[in-house]
Amino acid sequence: MRAKNLVDVLNIFTPNKSLATKEELEAYFVKRPYDPLQEMERYLQNTEERTKILFTGHRGSGKSTELNRLSVNLDARFFIVKFSITKSLNLADLNYIDILLVCMLGLLHKAIDEKVKVNEGILEYVFNWLHHDITEEKVITYSEDMGLSGSLNLFVSKMEGKLRQESITRTTLRTKITPRLSELIDKINLMIPEIEENTGKEVLIIIEDIDKVDLEVARHLFSQHGISLCSIDSKMIYTFPIALRYSDDFAQTARTFNSHFILSNITLLDRQGQELSQAYEVLRDVILRRAEEDLLTESAIKKAIQLSGGLMVDLIKLIQNASCKADLSQRKFIDACDILKSANEIRNDYSIMLKPEQYALLKRINKSKKKKPVNEPALQMCLYNLSLLEYRNDEVWVDVHPIVKPLL
C-alpha cells in the first residue's frame with residue numbers, strides 16, 4: 001500500500017522496521033547498486049562447506065531486509081532458522097553461550113512447529129539434558145497428554161522468554177553450560193542431520209542484529225569466541241559491526257569465518273563530490289514506492305536523499321519526521337523546509353553525542369581528498385554512531401554524514 005496522506009506516511013515510513021514478508025518485499029523493495037546478496041545466495045547454494053559467513057554494513061543500511069529477501073529466495077533449498085538477537089536475547093548482556101543456546105532452542109522450535117520427524121530418542125536425550133542437567137528450576141515437566149514434542153515445545157518457549165528477560169537465568173545457564181560447552185554443541189550437531197534427512201533441506205541459521213551490540217561486546221564475541229560460534233555443523237550467517245573491520249582483531253576473525261559480505265551504503269557522490277544520478281534514482285524509487293508522488297515536492301525528495309547520505313534508515317526517518325512537521329503546518333504535503341527541520345533534530349542528537357576526538361577525525365576526513373579510512377579508535381566509534389559513513393566504488397572510502405557536516 002502506498003501512502004495517500006500524511007498519516008499514512010507516518011505509519012508506512014517506519015525506520016526501525018525491515019521489510020519482512022513476501023508481500024512487503026514485492027511492494028517496497030528496490031534493488032541497489034553493488035548488491036552482495038546475489039553473490040551470497042550463489043555461494044550458499046554451491047559451496048559444499050558448512051560455511052560460516054559474516055554479513056556487515058552500517059546499522060540501518062538495510063541488512064535485515066536483505067536477509068529477509070535471501071530467506072524468501074532460499075526457502076525451497078534450506079531449512080532456515082532465523083532470529084534477531086534483539087528479540088531473543090538481551091543486547092546489554094550478551095554472551096556467546098546465549099547465542100549457541102538460542103540456536104539450539106530455535107532449531108528445536110522450528111522442527112517441532114513444522115512437524116519434522118526427528119528421532120524421538122534424540123529429542124528425549126536433548127530434553128533430558130536441558131531439563132535435568134542444565135536448568136535448575138523446573139520450567140516445564142514432561143506431560144503424557146502433550147507428548148514429548150508438545151512438552152519440549154512448551155519448555156523451549158519458556159526458556160526463550162527467560163533468557164531474554166531474566167539476568168539470573170542467563171547467569172545460571174552460563175555457569176552450568178560453560179564447562180559443558182562441547183555437550184551443547186554435540187547436541188545441536190546431533191539434531192542437524194536428522195532435520196536435513198527428514199526435510200531434504202540443508203540447515204541454514206541466520207543470526208541478526210549482533211551489529212547493534214556495544215563494540216566491546218561484539219569484539220569479545222567474534223575475536224575471543226569465534227571458534228565456538230563456528231562450531232555448529234550447519235551453514236550460518238552472523239551480522240557483524242562494520243566498525244570492527246577497522247580493528248586489530250579483524251584479520252584473526254576473518255580467518256575464523258569462511259567469508260564476509262558487505263552491504264554498502266548507496267553512494268550518492270563520488271569522492272570529488274560529483275553526483276551519481278543512478279543512485280539518486282534508486283532512492284527516489286524507494287520513496288515513491290511508499291508514497292503517492294503529490295505527498296512530497298520534488299525539492300523535498302531531493303533534499304531527503306542528499307541528507308540521508310545513502311543510509312536507508314535515515315532516509316526513511318527524515319520523511320517520517322517531516323510528515324509531522326507538514327501536518328503541524330496544516331499542509332497536505334511535505335516540502336524541503338520540513339525535511340530540513342527533520343534533519344536538524346537528528347543533528348542536535350549528534351551535537352550532544354560526539355566527543356572532541358571524534359570531531360577532530362570528522363574535520364580531518366571532511367577536508368581530505370582521498371577520504372581513506374585508517375584503523376583508529378575514533379574512526380571505529382564514528383562508524384558505529386553513523387557520523388561517518390563508508391562507501392564503495394572501486395575502492396573503499398569514508399565521508400562525514402551530510403547531516404553532521406554543518407556541525408564541523
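Key figures
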quantity	calculated
Cα gyration tensor shape for the stretch 34-135, rounded if a/c is under 1.5, else prolate or oblate	oblate
Using alpha-carbon coordinates, inclination of helix 63-74 to the longest axis of the chain, degrees	50 degrees
Gyration tensor over alpha-carbon atoms, the stretch 266-347, equivalent ellipsoid semi-axes in Å	22, 14, 10
Residue among ILE195, LEU229, THR239 farthest towards the positive dipole end of the stretch 183-250, charges placed on Cβ	THR239
By accessible area with a 1.4 Å probe, ligands and nucleic acids excluded, highest first: order of TYR43, TYR246	TYR43, TYR246
Selected from SER342, LEU263, ALA92, residue furthest toward positive end of dipole (the chain; charges at beta carbon)	SER342
Reachable lysines, given that their alpha-carbon falls under 16 Å from the alpha-carbon of LYS332 and they are not under 8 places away in the same chain	LYS4
Length-normalised contact order of the chain in % [C-alpha pairs under 8 Å, at least 6 apart]	25 percent
Per residue solvent-accessible surface (Å²) - the stretch 1-55, probe of 1.4 Å	58 Å²
Rounded to 10°, Cα long-axis angle of helix 356-367 versus longest principal axis of the chain	60 degrees
Residue of ASP35, ASP133, ASP327 that the Gaussian network model of the chain assigns the largest fluctuation, springs spanning Cα pairs under 10 Å	ASP133
Area of TRP129 that stays accessible when all protein chains are in place (1.4 Å probe, Å², to 10)	10 Å²
The stretch 250-408 - percent relative contact order, Cα under 8 Å, separation 6 or more	24 percent
Under the Karplus curve 6.51 cos²θ - 1.76 cosθ + 1.60, θ = phi - 60°, whole-Hz ³J(HN,Hα) for the stretch 385-402, x wherever Gly or Pro sits	8, 6, 6, 10, 10, 8, 10, 9, 10, 7, 10, 8, 8, 10, 8, 6, 4, x
Local electrostatic count, LYS371, Cβ distance below 14 Å [Lys/Arg +1, Asp/Glu -1]	+4
Rounded to whole Hz, the Karplus (6.51, -1.76, 1.60) HN-Hα couplings of the stretch 102-117, x for glycine and proline	5, 4, 4, 5, x, 4, 4, 4, 5, 4, 6, 4, 8, 6, 6, 7
Sequence-separation-based contact order of the stretch 1-122, relative, with Cα cut under 8 Å and 6+ spacing, percent	22 percent
All aspartates and glutamates inside 13 Å of LYS176 as judged from Cα atoms, apart from same-chain residues fewer than 8 positions distant	ASP98, ASP133, GLU136, GLU137
From the coordinates shown, mean projected area of the Cα convex hull in nm² corresponds to which of [x] 30.3; [y] 33.5; [z] 21.4	[z]
Residue-by-residue Karplus 3J(HN,Hα) for the stretch 272-285, coefficients 6.51, -1.76, 1.60, Hz, glycine and proline x	8, x, 7, 5, 9, 5, 4, 5, 4, 5, 4, 6, 5, 5
Estimated D of the stretch 29-91 in µm² per second, where Rh is the Kirkwood radius over Cα pairs and Stokes-Einstein applies at 25 °C, 0.890 mPa s	185 µm²/s
Accessible-area order (highest first, 1.4 angstrom probe) of the listed residues THR56, THR47	THR47, THR56
C-alpha center-to-center spacing [the stretch 355-382, the stretch 182-199] in angstrom	46 Å
Per-q log10 I(q)/I(0), the stretch 149-194, q = 0.23, 0.24 Å⁻¹ (Debye; single scatterer per alpha-carbon; no solvent)	-0.99, -1.02
Most fluctuating residue given options GLN272, GLN252, GLN45, as computed from a GNM of the chain linking Cα atoms under 10 Å	GLN272
Cα-based Kirkwood hydrodynamic radius, the stretch 154-249, one decimal, Å	15.5 Å
Between the stretch 106-122 and the stretch 286-325, the Cα center-to-center distance that results, in Å	45 Å
Of LYS317/LYS371; LYS31/LYS87; LYS17/LYS82; LYS302/LYS325; LYS302/LYS367, those spanning more than 20 Å from alpha-carbon to alpha-carbon	LYS317/LYS371; LYS31/LYS87; LYS302/LYS367
Surface accessible to a 1.4 Å probe, SER64 within the full protein complex, Å²	30 Å²
Sequence-distant residues sharing a close amide H with VAL81 (under 5 Å, placed H)	LEU204, ILE205, ILE206
5 angstrom amide H check on ILE334, placed H, neighbours 5+ away	LEU296, THR297
Low-density loop positions, trypsin sites (Lys or Arg not before Pro), the stretch 69-100 - DSSP coil, at most 14 other Cβ in 10 Å	ARG77
Trypsin sites (Lys or Arg not before Pro) restricted to the stretch 301-353 and DSSP loop, no more than 14 other C-beta within 10 Å	ARG331, LYS332
Rounded percent of accessible protein surface that carbon and sulfur make up, the chain, 1.4 Å probe	48 percent
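The values are calculated or read from the model by the stated rules, or taken from the named source; none is laboratory data. Computed from a predicted model, the values in this text were never measured in an experiment. Neighbour counts are summed over all protein chains in view; Cβ atoms, including those assigned to glycine, are modelled from backbone coordinates with ideal geometry. The area values use the complete protein model at the heavy-atom level, side chains included, leaving out ligands, DNA and RNA. Shrake-Rupley method; radii C 1.70, N 1.55, O 1.52, S 1.80 Å.
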